[in-house]
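Okay, structure first, notes after.
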Amino acid sequence: MTDSTIPSSSVVNVRGGARYDVIVIGAGGVGSAAAYHCARDGKDVLLLEQFTVGHTRGSSHGGSRIIRYTHDKLDHASQMPATFDLWFELERESGASLLTMTGGLYFAPENEPWLTKALQVLQTLDFPHRILVGEELQRAHPQFNLPAGWIGVEQEHSGILAASRAVAVMVSQAVRHGASVRELAAVAGIAPEWEGAVVRLETGETFSADRVIVCAGPWASRFLDKLVEFPVPLRVTPQQVAYFPVQDAAAFAVGRFPLFISTHEPHFYGFPIHERPGTIKIALENEGHSANPDDPRQVDQALLNQLTTIVGEFMRGVGPTPVHVEPCLYTETPTRDFIIDRHPDYPQILFGAGFSGRGFKHTIAVGRLLADLAQSDAGVYASPFWRESYRINRFVPVST
Ligand SMILES: Cc1cc2nc3c(=O)[nH]c(=O)nc-3n(C[C@H](O)[C@H](O)[C@H](O)COP(=O)(O)OP(=O)(O)OC[C@H]3O[C@@H](n4cnc5c(N)ncnc54)[C@H](O)[C@@H]3O)c2cc1C
């Protein structure tokens, strides 16, 4: 474990062959949130992680993830106030600081579809925002060099979530509420039973539970392919973030410089100085080649060169050579809509998968939703965080 907030006694209480109310597979953002909520609800929970909590081979490590009200879909934007509340509640309950509010700047050429939809959503939900153009945009944000005809949208409910710390805190809070955690516990298979399911580790050890929640991130297909009758399309792509030095640290500090997203191609985004003094984190999404999650992580030099060119073109006062690059993985469905649902035939098995490049902010709410689904009958979707777009049955082939 990597965070001092986790008590050293957290990898304990694991009873070989024992029966639990809920077994959660995967201690990334989603699994740790599911374990936290189930344990907080009084369930007897076992959380199994193939590596160690806080490892850097999945999708949830690192010091920062964007959290924002600004979305192009009403469905997502409308649940953000409640999602923020869950993060605030976790901060209060744990005493840990997880959120840094920075304000956000979202920019693109005028009439760009994503930002146009996001503006409509901000207006519909009456979320405060300010539209800036031309000279006014340039004056307010001199750290950017945006082409003529681009607009900027400022939205204050935007901030940074400390990702690795959030995972550590959710696991430690799950333990505080009685959960057991087993690290270096790679799950080899799940066998549904008449009631509940048996989880078998690669070592041959087995555990059983009334409910099993699979939150395996980039490894999710290993479970879905074996357990679900129809193909569930998930693509894993290698991504990376880079830390660029800035000339004037004060101009890029929280309070002076917002987090930002170019919603126009090429999609790049970045943060004020937060994790590494004197540097800002900027990233460009890889929408190209896919990866095997078991392969070693490597820096993609071509993508980095592309990002360096973008930084030179769009930013002022930012040095051209990153001082650090950090690889990470996305796992995406074709529409980037998440999969959060019960197994179609074995409702005692649940899945949380395909959280793409925007899932971290939602993890605390996804964990709440998975806990709600795990504790209700098959076919019941009574949770404030349920959305129709999450259904796994959307991949059932349409017969002609
Ligand atoms: C570079 C980058 C930038 C991002 N930026 C943002 C952002 O700004 N805002 C935002 O909201 N989101 C962002 N995201 C997305 C977000 O981080 C992910 O959607 C989220 O972390 C996914 O969490 P997860 O729990 O599904 O996957 P993971 O964190 O990968 O967790 C899955 C876990 O399951 C474990 N596991 C897998 N198989 C087994 C097995 N057989 N047995 C036991 N354990 C197993 C794995 O070891 C892993 O720990 C970003 C992602 C990346 C990579």
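The values are calculated or read from the model by the stated rules, or taken from the named source; none is laboratory data. Everything numeric in this text was worked out from a predicted model, so none of it was measured. Cβ coordinates were reconstructed from backbone atoms using ideal geometry, including for glycine residues, and neighbour counts include every protein chain displayed. In case anyone asks, the SASA skips ligands and DNA or RNA and just uses the protein heavy atoms, side chains included. Shrake-Rupley method; radii C 1.70, N 1.55, O 1.52, S 1.80 Å.
Numbers for the structure displayed
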quantity: Loop-resident sites, segment 110-210, for GluC sites (Glu not before Pro), counting at most 16 other Cβ within 10 Å (DSSP); calculated: Glu110, Glu156, Glu193, Glu195, Glu202, Glu205
quantity: Solvent-accessible surface ranking, highest first, for Asp248, Asp126 at 1.4 angstrom; calculated: Asp126, Asp248
quantity: Karplus (6.51, -1.76, 1.60) ³J(HN,Hα), θ = phi - 60°, over segment 134-141, in Hz, Gly and Pro reported as x; calculated: x, 3, 5, 5, 5, 5, 6, 9
quantity: Average accessible surface area per residue within the chain, 1.4 Å rolling probe, Å²; calculated: 41
quantity: GNM top mover of Phe314, Phe338, Phe252 - the chain, alpha-carbon springs below 10 Å; calculated: Phe314
quantity: Residues whose placed amide H lies under 5 Å from that of Glu285, excluding near-sequence neighbours; calculated: His267
quantity: Within a Gaussian network of the chain (alpha carbon springs, distance under 10 Å), most fluctuating of Ala108, Ala185, Ala96; calculated: Ala96
quantity: Accessible surface of the chain, 1.4 Å probe, proportion on carbon and sulfur as whole %; calculated: 51
quantity: The chain: angle of helix 363-374 to the longest principal axis, Cα-based, in degrees nearest 10; calculated: 30
quantity: Cα centroid of segment 369-400 to Cα centroid of segment 262-340, whole Å; calculated: 32
quantity: Per-residue SASA entry for Met101, accessible area with 1.4 Å probe, Å² rounded to 10; calculated: 80
quantity: Helix-derived mean residue ellipticity, 222 nm - over the chain, DSSP H n ≥ 4, -39500 (n - 2.57), to 500; calculated: -7500 deg cm²/dmol
quantity: Accessible-area ranking of Asp85, Asp372, largest first, probe 1.4 Å; calculated: Asp85, Asp372
quantity: Sequence-separation-based contact order of segment 98-222, relative, with Cα cut under 8 Å and 6+ spacing, percent; calculated: 23
quantity: Charge context of Val153, other residues only, Cβ under 13 angstrom, K/R +1, D/E -1; calculated: -3
quantity: By accessible area with a 1.4 Å probe, ligands and nucleic acids excluded, highest first: order of Trp194, Trp386; calculated: Trp194, Trp386
quantity: For segment 22-36, 3J(HN,Hα) per residue [Karplus equation, 6.51 cos²θ - 1.76 cosθ + 1.60, θ = phi - 60°, Hz, x = Gly/Pro]; calculated: 9, 10, 10, 9, x, 9, x, x, 6, x, 5, 5, 5, 5, 4
quantity: 5 angstrom amide H check on Val241, placed H, neighbours 5+ away; calculated: Glu326
quantity: In degrees, nearest ten, helix 113-124 long axis to first principal axis of the chain (Cα); calculated: 80
quantity: Distance in nm between pseudo-label sites at Ser78 and Ala148 (7 Å out along the Cβ direction from Cα); calculated: 4.2
quantity: Environment charge of Ser376, counting only residues whose C-beta is closer than 11 Å and scoring Lys/Arg +1, Asp/Glu -1; calculated: 0
quantity: Note, ³J(HN,Hα) from phi for segment 77-83, Karplus 6.51, -1.76, 1.60, rounded to Hz, x at Gly and Pro; calculated: 4, 5, 8, 5, x, 5, 5
quantity: Environment charge at Ile364 (Cβ cut-off 10 Å; Lys +1, Arg +1, Asp -1, Glu -1); calculated: 0
quantity: Placed amide H near Ser60: partners under 5 Å, 5+ positions off or other chain; calculated: Gly29
